[in-house]
Structure formats: C-alpha cells, structure tokens
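Everything below concerns the one structure shown next.
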Protein chains: 2
Amino acid sequence: MTPDRIRQLRDLYRSHLLDDVMAFWQKHGVDCECGGFLTCLDRDGSVYSTDKAVWLMGRATWIYSALYRLVEPREEWLQLARHGYDFLTRHCFAPNGKMYFNVTRDGRPLQMRRYVFSEVFAALGMSALAAITGDEAIRRRAIEVFASMKRYFETPGLIPAKINPDTRPMKSLSPRMCMINVADAMRLIDNDPIYERTIDACVQEVFHDFVKADDGILLETVTPSGERIDSPQGRCMNPGHSIEVAWFILEIARRRNDAALARRALPIIDWAFERGWDREYGGLLYFVDVEGKPSHYIEHDMKLWWPHSEALYATLLAYRMTGEERYAALFEKTHDWTFAHFPDREFGEWFGYLHRDGQPSSLLKGNMWKGPFHIPRALLLCWKLLEEMSGAT
Amino acid sequence: MTPDRIRQLRDLYRSHLLDDVMAFWQKHGVDCECGGFLTCLDRDGSVYSTDKAVWLMGRATWIYSALYRLVEPREEWLQLARHGYDFLTRHCFAPNGKMYFNVTRDGRPLQMRRYVFSEVFAALGMSALAAITGDEAIRRRAIEVFASMKRYFETPGLIPAKINPDTRPMKSLSPRMCMINVADAMRLIDNDPIYERTIDACVQEVFHDFVKADDGILLETVTPSGERIDSPQGRCMNPGHSIEVAWFILEIARRRNDAALARRALPIIDWAFERGWDREYGGLLYFVDVEGKPSHYIEHDMKLWWPHSEALYATLLAYRMTGEERYAALFEKTHDWTFAHFPDREFGEWFGYLHRDGQPSSLLKGNMWKGPFHIPRALLLCWKLLEEMSGAT
C-alpha cells in the first residue's frame, strides 16, 4: 500500500464512519421518548418495529463510548452511551439476573433465550462506558455482567443444550470468541488477572479444539474434546466468524508483542478467504461446508454486512502486523467488493442482506441483529489503524 | 382447460410422480440397515447426513400409504409405509410420550422441540397406514398421537411461548391448519365425531381470527382474540401457508358439498397470488409483509419447493370446483414457473431452495424439512383430480 493510498483510505473511513454511518444511527436510531435505541429501521430510517434488541443496546453503548474514547470526547456521544446504559439496567435484566433477548419499546420483556449473548454485548458496552466515565457503579455493574456471562458459558448444563448431549456432545466456537473479546475489553477497567487467564484459556481452546490446521479450517462446532462431528453442523465453517476471531486474537498478540501467537492466528484469515470467498460473484459466503456438502443453513450463500466489516479490519490489521502484501491485497479485494455492494448511496448506511450475486435481498438498515456495531466498529478500527500507518509512513 | 390439455397434464403428473420423484426417494431414501428413511440427500441422492427427521418419517409413511390407497396396492409401498411406522414407534417417542424432532440414524434422540409438528405428521402417516391395512394396533396408535397433538395445541402453556405471553399474547395459524388436515385424515379410520368438531372449530377460528377479508389477507400470527399485531411477525403473510390451508378447507367444503364454505376459502388463494406472486421474477415469495415493510425472515424472497407444490393442487382444485378460468390460469402460471425452475433434469426430483431469480441456492434434494411429501402429495392429488376431470370431459 502506498502512503497516498493509506491517507486516502484513512480519510474515506473517517468520513464514512462519522458523516454517513453514525450520522444515520444518531438521526434515526435514538429513542428520546422511551430510552434506548431503535434499530428496526427501513431504508430511509423510518421505524418499522419498535421492539428493542438487547444485543444492540449493549453494542450501541459500546460504539458511542468507543467514539468518545478513540475519536474525541464529544458530549453527545457520552450522553448516548449513558442513554444505552440506562435502558440496559432499567429494562433488560430478568428478575433472576439473566438478560432478555428483546423487549418492547417501553421495556417490557418479550423474549428470553437460552444463550447469554445479551450479556456479552452488555459487558462490552458497560465496560467501555465505565472506561470513559470512571464511574464506579458502572464499573461494578460491568464486572457483574461479565461474571454472569462467564458463569453461564462455563457451567455445564446452565445453558440447556439444543441437541441431546448424551447422544451427541458438542461445544461451540462462539462462547470462546466472545469471552476473548469481552475479557480483553474488561482489562480497561479492572486489573483482576481473571481476564488474561480467560483469554489464555479460550485462545488455547480455540487452537487446540476448533482449529484444524492440517486441513486449513476453523470449525464452529466440535465434540467437547475437539473432535470433528460428521454432520452438517459439524462440517460448518463460518468465514465471518473465523475472520472475527482471528483479529480478536491478533489484537491480543499485538498488545502482548507475542509473535508466535500472531503466527498461529494469521492463517485463520487465509483459510477463511480460501474457503469463503466466492470465486464466481465475489464477496464472502455466509456458511461453508468444509467437505463441499450441502449446508443446512438457508442463508448459506448470502453476503452479509458483518463478515465483510470484520474482514476489512482483520486484513488491514494483518497487513499492519506483517507488512505482507497479500494481506493488503485481501484488504483491497474486500474493500472493493464491500463498497461496491453494501453502502446505500441514497439514504446512507449499508444494506445488510445481499443475495449471492450482490443484489440486495432486503433494503432494511437494521433489525434485531443489525444496528450500529459491526460496520462502525470496523470503520473506526480501520481508520485509527490507517492513521497510525499514515503517521508511520 | 381443453380436454387435450387435461389429459396431457394427467399423464405428465403421473409419470413425474412415479418415474421421477418417487423413483428417486425409493432408490436413495430408504434405510434398509437401521430402518426409517434417509432424507439428507445431495443432488445425486448421496447421503450427506444420516440424521433422521421425525417429521419426514411420518410424512413418508403417509405418501407410501397414499400411493397404495390411491394408485394401486403395490406390496413395495405397503412395506415402505410399515417401515416408516416401525421406525416412528421404535425410536421417535420420548419417555414422556412427546415426539422428538430428529434422531440419529440408529434412532437415538437428538432434538426435542417445543412444538408438536412431529405428532402432526405421525398422526397423518399412521392413520393412512391404518386405513390401508385395517390394523387395529396401528389405528389405536394413530388415535393416541392425534389426541396428544390436540392436547398440546389446545392446552394453554403446554407448548411454552417463545414470546412472553403477558407482554404480547399471540396465537399462530399453523396449529389450526394442521388440525384441520389431520382431523380430516383421521375420519378415514375413526367415526368419532371429535374430528368433524375439530375441523369446524378450527375452520371457524381461521376465518374469524386469521382472515382479514377486507384487506385480502390471511395472517400467520394474531392476538388470542384475532386482533392484528403491529410487528414484523404480526404483519407476516406466508403465501404458501395461505394456499395450503385454502385447499385443506376446499377439500372439506367439497366433501360436505358446502358451497358457502368454498366461497369463503377461495379468495385466500387469490390473495396469496396477489400479494405473494413475484411480478419481477415470477414464482411465489416465501414471506410477505402485508404493509410492504421489511421482513425479519432472511429467506423472505426465496422460492421454495413446497409453496409451489401446494399452489399447483390448490389452483387446480379451485378450477375443478368453480370452473372459473382464472384458476386454470393461476394453475398454468404456477405450473410453468415450477416446471421451468424446480425439477432437476439430470438426477431427478426437485431442487428445494431457489434464489428470488429462480437460480438454485442449494442443489440438495432433501434435509430435515424437504423429503418425500409436498411434491409427491401435490403431484398425486393433481394427477387424481386430472383423471377425474378427464373422465368428466
């Protein structure tokens, strides 16, 4: 990458983040009446459902806190982060302490799920807000939510298994990748060695049980001891997940100056592109069967906003850390396809769900899963990395 | 429709059913070693997963019994129906009497779901087998499974709600449409008036609570008293479901010679085509938001095998019952699009999952939902109706 290209990208990612993507969410996605954030937004930002996704309350709290910390201490961002925290603490916890999946506009409970991904994103958001405010009550709450999440993920049976564990015992990549990322975030507000220990244990488990380096794959589901399962679920690779967990680990390696860890994580990005990049239409496929057998996921060949967001930052970080031009090439390939297909030139932000050929399947801007998170996080992290690179060049 | 066209279609549906679709399933989809049926078949019939879908054990039992009853008493079909029944009774019931969703090849339990759709298809299959064999033990078992299904569907709280019923009470079309169809099938083997009463109650509930005739829609989800719910789920119409429940009710009307009931059911087909037929690419969309707002279903604009199968028979039956040419036109339109896109000319049977533009998203022939049911049922019922029409012309 030339210095000119780096500066050009730096300016593009900054303005796309602030003037387009976050401008859209700040204009349309804040509920001034009932608190929290509205994410079920149509193409033009109009609200098509007022139900609130708890994941996105935590995620929006995170992005506003991160903008405040990494861009500039704008009062508006601080207020929006607090706005998310307030809704989370007032309406998103069940009496037993577990968090809901979604609630009504005014915060009445709709759905409780088995998993604790609401806790993952609440801990992320709360710890980021505690970091910028230094507020002790918020800090304590973030630590509590992290502990609850960890307990659910680590206590056998606490999250009921969907598949009978006597017949087919299995474990999933998701809890491990979540714990790596959230534990790393918690370090900002808490010196407890539990976070580094959690990171070490989860990273170790990812490489020992989920990575099959000889075959160049990272699996989503394996047996508890890391053996492959011969079923559509057991053969499933999620290139977006692979790429996301790879940069979670690369950031740890970079912070710790651990070149050996980086060398183990980098190939995960290569594998995801080798298996997941669509040679016919471009873009990253959503699910891939590692033996080329049919997927059981109806959306397997769609192109979604978040794997492409994650791929932008992962490839750029890999390039920054290694200087290898092939990561620059993967970044440019992803950048070109992403910016050619996802952004909505008319109303701003990105379409989320494209058909395999790149045509939008839906024009919505948000729902219970898509909101102000993957896209602005990737744009922010890329921008800051490009800034560092342009300073360094 | 001209007499020539009717005879041409009759011969086509017969040969497509017997020489193509059922030939595929009889060749590739029978597990002679462990019992039951293998439905996770790739394009060429090779097995990509040996997990067994309980829905499809009941459904295959039904189709083989129906072929025996409606086509000819072939010993092979009788044996295959018994083969399905044996697997169902041996491996598909949990100790508490509820049926699993899927089991391993050798019948060990994998997944238990909240709903009782396994019971729906088991009751269908078992009653059909009881009808052709006159076997009293099978008959009693079918009656038991029907009673269990009915109890789950009708007892509040027995199927745990996904959405908090205190916050958003709701009920779904599916249990009502299932009960209409299964109760009608049970009449073949049991004179108990409970079946006609169940049909009457469910038909009444469909028209009173789920049909919104002024707006030309049949909703999938409403409040317990039939009010609309302003959410993506509450605005969701499933054209394939609409069409399927319409023909379930039309068959009741035809059998009872109830012209008023037929007149109420027929418009449901028209609405489904008005809202569900894709004016750009043809074919029936999978989910439609009745206010044109975004759908929360990632597969909303895909074209699936089963709505098209159901539409073939529903439109043909509507034409047979009314003589109205517009139903013949809807049938021909559906027939043309379906036969142009779904059948696999190379390996037989149909692709199940097409993109909006009609290109296959996956080449698989079966999975936990697609197996020998919707396609052969529609072909069989169309063929027999065309036979009747060709005799009548």
**Message:** Need the failing condition index for A:LEU124 against (1) over 27 Å from A:SER148 (Cα atoms); (2) crowded, with 19+ Cβ neighbours inside 10 Å, just the number.
**Reply:** (1)
**Fill in**
For A:PHE373, the lone unmet condition from (1) over 26 Å from A:HIS28 (Cβ atoms); (2) out of contact with any Gly (no Cβ under 6 Å at 6 or more places or on another chain); (3) buried (at least 23 other Cβ atoms within 10 Å of the Cβ) is (1)
**Message:** Can you find a residue that is among the charged types (D, E, K, R), part of a helix (DSSP H, G or I) and open to solvent by 10 Å² or more (accessible area, probe 1.4 Å) anywhere in the range A:94-117?
**Reply:** no
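Table: residues versus (1) of a type in the set (Asp, Glu); (2) within 14 Å of chain B (Cβ to nearest Cβ); (3) out of contact with any Phe, Trp or Tyr (no Cβ under 6 Å at 6 or more places or on another chain).
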position: A:GLU299; (1), (2), (3): yes, yes, no
position: A:TRP305; (1), (2), (3): no, yes, no
position: A:GLU310; (1), (2), (3): yes, no, yes
position: A:GLY323; (1), (2), (3): no, no, yes
position: A:TRP337; (1), (2), (3): no, no, yes
position: A:PHE342; (1), (2), (3): no, no, no
position: A:GLY348; (1), (2), (3): no, no, no
position: A:PRO360; (1), (2), (3): no, yes, no
position: A:TRP383; (1), (2), (3): no, no, no
**Prompt:** Name the pairs whose Cβ atoms lie under 6 Å apart, with the first residue in the range A:125-145 and under 17 Å from A:ASP192 (Cβ atoms), the second β-branched (Val, Ile, Thr) and outside any helix (DSSP H, G or I), and 6 or more positions between them or separate chains?
**Reply:** A:SER127/A:ILE189; A:ALA130/A:ILE189; A:ALA131/A:ILE189; A:ARG139/A:ILE189
**Identity of the residue in the range A:65-80, touching a residue at least 60 places away in the same chain (Cβ under 8 Å) and crowded, with 18+ Cβ neighbours inside 10 Å, that ends up farthest from the other protein chains (Cβ to nearest Cβ)** = A:TYR68
**Request:** Go through (1) open to solvent by 50 Å² or more (accessible area, probe 1.4 Å); (2) touching a residue at least 60 places away in the same chain (Cβ under 8 Å) one by one and return the number of the condition A:ALA213 breaks.
**Result:** (2)
**Asked** Does B:ILE298 qualify as being among the β-branched types (Val, Ile, Thr) and within 26 Å of B:CYS40 (Cβ to Cβ)?
**Response** yes
**Asked** Looking at the range B:212-227, which of its residues are under 25 Å from the mean Cα position of the chain (by Cα) and assigned to a loop (DSSP other than H, G, I, E, B)?
**Response** B:GLY216, B:LEU219, B:GLU220, B:THR223, B:PRO224, B:GLY226
**Request:** Name, by its number, the condition in (1) open to solvent by 20 Å² or more (accessible area, probe 1.4 Å); (2) modelled with pLDDT of 95 or more that does not hold for B:GLY157.
**Result:** (2)
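So that you can scan it fast, the table gives a plain yes or no per residue for (1) within 16 Å of the chain's Cα centre (by Cα); (2) more than 14 Å from chain A (Cβ to nearest Cβ); (3) in a loop (DSSP other than H, G, I, E, B):
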site	(1), (2), (3)
B:THR167	no, no, yes
B:ILE199	no, yes, no
B:GLN204	no, yes, no
B:ASP230	no, no, yes
B:ALA246	yes, yes, no
B:ILE249	yes, yes, no
**Item:** Pair list, Cβ < 7 Å and 6+ apart or interchain, from the range A:171-182 residues that are under 12 Å from A:GLU154 (Cα atoms) to residues that are assigned to a helix (DSSP H, G or I) and at pLDDT 95 or above
**Value:** A:PRO175/A:PHE153; A:ARG176/A:CYS202; A:ARG176/A:GLU205; A:ARG176/A:VAL206; A:MET179/A:LYS150; A:MET179/A:PHE153; A:MET179/A:THR198; A:MET179/A:CYS202
**Prompt:** Are there any helices (runs of 4 or more DSSP H) wholly within the range B:252-353 with 1 or more residues that are out of contact with any helix residue (DSSP H, G or I) (no Cβ under 7 Å at 6 or more places or on another chain), under 23 Å from B:HIS16 (Cβ atoms) and open to solvent by 60 Å² or more (accessible area, probe 1.4 Å), and if so which?
**Reply:** B:325-341
**Asked** Assuming A:PRO175 fulfils every condition listed in (1) touching a helix residue (DSSP H, G or I) at 6+ places or on another chain (Cβ under 9 Å); (2) open to solvent by 10 Å² or more (accessible area, probe 1.4 Å); (3) over 30 Å from A:LYS293 (Cα atoms) apart from one, which condition is it?
**Response** (3)
**Complete:** Those residues of the range B:354-370 that are over 16 Å from the mean Cα position of the chain (by Cα) and buried (at least 24 other Cβ atoms within 10 Å of the Cβ) come to a total of 1
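Applying the selection to the range B:8-61, what residues are among the polar types (S, T, N, Q) and open to solvent by 10 Å² or more (accessible area, probe 1.4 Å)? Working first, answer last.
Here is the first cut: in the range B:8-61, the ones among the polar types (S, T, N, Q) are B:8, B:15, B:26, B:39, B:46, B:49-50, B:61.
Listed by number, the residues that qualify are B:GLN8, B:SER15, B:GLN26, B:SER46, B:THR50.
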**Prompt:** Within the range A:81-126, how many residues are of a type in the set (Ser, Thr, Tyr), farther than 22 Å from A:GLY157 by Cβ and within 14 Å of another protein chain (Cβ to nearest Cβ)?
**Reply:** 1
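The values are calculated or read from the model by the stated rules, or taken from the named source; none is laboratory data. Keep in mind that this is a model prediction, so the values were computed, not measured. Ideal geometry is used to build each Cβ from the backbone, glycine not excepted, and the neighbour counts take in all protein chains shown. Ligands, DNA and RNA are excluded from the accessible area calculation, which covers all protein heavy atoms including side chains. Shrake-Rupley method; radii C 1.70, N 1.55, O 1.52, S 1.80 Å.
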